[in-house]
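Here, each number is a calculation from the coordinates, and none is a lab measurement. For clarity, every value in this text was computed on a predicted model and none was experimentally measured. Heads up, the Cβs are rebuilt from the backbone with ideal geometry, glycines too, and the neighbour counts pull from every protein chain shown.
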Amino acid sequence: MSNKDLLGRRNFIKGFGAAAGVAIAAPALAVSEKADGVKWDKEVEVLIIGSGFAGLAAAIEATRKGAKDVHIFEKMSYFGGNSAINGGLFAAPGTPMQKEEGVKDSVETMVADQLASGRGIADEALLRHVAEHAVEALQMTLDAGSEYHPYLQQLGGHSVARTYQTTVSCGAGITQPLLHECRKLGVHTHNRAKFEGFLVGDKGEVVGVKMRDNYHFGEDQPGKVTNIRATRGVIMATGGFAQNVDLRMAQDPTLTSEVGCTNAPGATGEGMYEMFRLGAIPVHLAHIQSGPWASPDEGGFGYVSNYSIYNFPHSMAVNRLTGKRFMNEIADRKTRADAELNCRDEKGNALPPILITSYKDSKKHPNTKKVIKYNVGWKFDSVEELAKHFDVPLAPLKAQITEYNEYVKTGNDKQFGKNMTKAKDKYIEAPFTVVRLWPKVHYCQGGVQVNTNAEVKDSFTGKSIPGLYAAGEVCGGIHGVSRLGSCSIPECMVMGMTAARSMMKA
């Protein structure tokens with residue numbers, strides 16, 4: 001590969017954004033170059049960029065497979081990336097808790113659920129690979145010290161309850177134990193270290209990277225760039241690009257800076273960009289998922305998101321204009337987000353719908369107290385009080401509650417076909433807790449194409465780019481149009497583990 005080739009690929013990416021009608025201006029892009037004549041400042045065995053679920057799992061697995069010198073580089077001041085603030089929800093088939101609760105599940109069932117949500121364009125081989133190894137990844141978290149609630153949840157689009165959630169109800173309940181395990185195993189961790197490009201050998205193989213030390217996100221950069229050789233290769237675990245407004249608008253012009261986002265600020269996509277310039281295949285970049293459980297009354301992921309995720313199965317979502325339900329509360333994310341966005345007033349302005357739950361059922365989740373304490377949710381002692389607060393027509397609302405409670409009793413939702421298994425004996429009755437719903441940009445289904453060995457495919461050769469592996473949200477095409485909730489953690493961890501195994505075999 002020549003410098004001319006790299007420049008040509010750089011121009012390809014520039015055109016990629018322009019073709020969509022939006023110039024991709026931010027963030028500042030890294031630049032890869034040939035390694036010939038490069039003075040190496042450092043040599044490591046395994047080099048991992050990103051410290052979320054995928055990067056941490058890769059580091060642990062590489063060490064277990066015999067690596068003696070593993071290094072994780074994180075551009076932010078803190079470790080864990082976007083993973084640390086996600087919902088801490090982990091789906092896996094055939095788990096011990098499923099057996100305890102009498103839930104029948106299998107790899108095939110989990111894959112089928114995801115294929116349905118993916119609407120025909122998900123990667124079945126990758127979904128199956130993740131599902132087959134999900135319990136193994138879950139065990140890695142347990143071995144590291146992660147703790148989970150003693151019950152399963154059934155999230156939207158899942159045909160059965162298969163989701164564990166950390167007791168702290170966020171991803172830090174996994175990233176912190178995994179980070180501690182990494183350090184216990186001797187993995188070297190570096191923060192404020194920004195990836196500045198690949199260093200490429202004569203045959204197009206990735207032999208190292210350029211890293212900027214002392215990087216301060218969003219500020220002028222004083223740190224120097226060092227050249228680091230990676231003897232076994234590089235694992236890219238750099239996450240999605242939901243915070244890169246230019247790039248997401250290039251795919252969907254409606255996703256402006258005014259649209260909320262649940263991601264950490266560092267989710268800007270530079271690592272993905274640079275893999276494209278090496279020749280990686282862009283897949284499904286236009287499929288950007290919004291979370292239907294988010295609230296317009298708080299920033300980021302907030303408290304309402306996990307509150308809603310837990311309560312959706314036994315709650316009622318109501319259009320405030322009509323006082324009636326408007327969706328299956330546990331349909332897949334895209335179905336629900338689209339339905340919520342259609343909730344408008346007579347003038348067409350956004351009218352965020354409400355999720356109504358009986359307080360006796362909602363209070364079983366720890367976030368309920370926080371939702372009420374921070375005024376992003378409300379408690380009402382009567383339907384009349386609730387209807388007046390949100391200006392919902394009272395008679396239709398009362399009728400809807402009566403109708404819905406009949407579905408709880410019979411186990412058959414005649415309105416939207418909701419699976420009522422988790423709603424059994426959980427009637428909508430006072431006192432109520434209520435939150436408002438409005439989607440926020442949450443997850444990028446698009447990224448670089450990888451195979452079941454976590455190798456990055458080269459669009460120019462049709463083969464894998466030697467020395468380069470990728471795992472987690474930086475990869476694209478796995479989930480198709482819409483990812484099911486709680487499937488990102490197993491994907492990140494399984495593919496991180498897979499990348500480590502492939503690298504150690506190479």
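Tell me, what ³J(HN,Hα) does each residue in segment 376-389 have, in order and in whole Hz, if you take phi through Karplus 6.51 cos²θ - 1.76 cosθ + 1.60 with θ = phi - 60° and put x for Gly and Pro?
Each residue of segment 376-389 in turn: 10, x, 9, 10, 10, 8, 8, 5, 4, 4, 4, 4, 5, 4 Hz.
Which order do the peptides 107-114, 497-504 come out in when sorted by mean C-beta neighbours inside 10 angstrom, highest first?
Descending mean neighbour count gives 497-504, 107-114.
Using modelled backbone amide H atoms (1.01 Å from N, in-plane), which distant-in-sequence or interchain residues come within less than 5 Å of TRP40's amide H?
Excluding prolines and chain starts, which carry no amide H, there are no hits.
Using the Karplus curve 6.51 cos²θ - 1.76 cosθ + 1.60 with θ = phi - 60°, what ³J(HN,Hα) values do you get for each residue of segment 86-98, in whole Hz, with x for Gly and Pro?
For segment 86-98, the Karplus-derived couplings read 6, x, x, 9, 10, 9, 7, x, x, 8, x, 5, 5 Hz, x marking Gly and Pro.
I need the peptides 357-364, 214-221, 240-247, 453-460 ranked by packing, meaning the mean over residues of other C-beta atoms within 10 angstrom, with the highest value on top.
240-247, 453-460, 357-364, 214-221
Would you grab the residues whose amide H sits under 5 Å from the one on SER459? Only those 5+ places off in sequence or on another chain, please, with H modelled 1.01 Å from N.
Those lying under 5 Å, H to H, from SER459 are ALA280, ILE281.
Which net charge results for the neighbourhood of ILE330, defined as the other residues with beta-carbon distances under 11 angstrom from its beta-carbon, given Lys and Arg at +1 and Asp and Glu at -1?
Here the charged neighbours net out to +1.
Given a cut-off of 21 Å, name the pairs among LYS104/LYS422; LYS334/LYS370; LYS39/LYS194; LYS203/LYS463; LYS104/LYS364; LYS68/LYS184 whose C-alpha atoms lie farther apart than that in the structure shown.
Too far apart for the 21 Å limit: LYS334/LYS370; LYS104/LYS364.
Using only DSSP helix segments of four residues or longer, with each worth -39500 (n - 2.57), what per-residue ellipticity at 222 nm results for the chain after dividing by its residue count and rounding to 500?
Helix contribution divided over all residues of the chain: -10000 deg cm²/dmol.
For a quick size check, give me the Cα extents of segment 223-340 along its three principal axes, largest first, whole Å.
Projected onto its principal axes, the Cα set of segment 223-340 covers 61, 26, 26 Å.
With Cβ to Cβ distances under 13 Å as the rule, what net charge do the other residues near LEU468 carry (K, R +1; D, E -1)?
Local charge sum for LEU468: +1.
Taking the convex hull of the alpha carbon atoms in segment 293-438, what volume per residue do you get, in Å³?
Value for segment 293-438: 99 Å³ per residue.
What is the P(r) of the chain, as percent of Cα-Cα pairs per 10 Å bin from 0?
Over the chain, the share of Cα pairs per 10 Å bin runs 4, 20, 30, 24, 14, 7, 2, 0 percent.
Using a 10 Å cut-off on Cβ atoms, rank the peptides 166-175, 376-385 from the highest mean neighbour count down. Present the calculation step by step, with values, prior to reporting the outcome.
Working: 166-175: 22.6, 376-385: 16.7.
The densest-packed peptide leads the list: 166-175, 376-385.
Give me, ordered by chain and number, the residues 5 or more places off TYR148 or on other chains with an amide H under 5 Å from its own placed amide H.
Under 5 Å from the amide H of TYR148: THR167.
Rounded to the nearest 0.05, what FRET efficiency do THR452 and VAL225 give with R0 = 35 Å and r taken as the Cβ-Cβ distance? Could you check?
Working: r = 34 Å, r/R0 = 0.98.
Plugging the Cβ-Cβ distance into 1/(1 + (r/R0)^6) gives 0.55.
Through the Karplus equation 6.51 cos²θ - 1.76 cosθ + 1.60, θ set to phi - 60°, convert the phi angles of segment 307-312 into ³J(HN,Hα) values in whole Hz; use x for Gly and Pro.
Along segment 307-312, the couplings run 4, 5, 4, 5, 8, 3 Hz.
Give me D for segment 98-257 in µm² s⁻¹, whole number, from Stokes-Einstein with Rh from the Kirkwood sum over alpha-carbon pairs, 37 °C and 0.692 mPa s.
Numbers: Rh = 19.8 Å.
D, rounded to a whole number, is 165 µm²/s.
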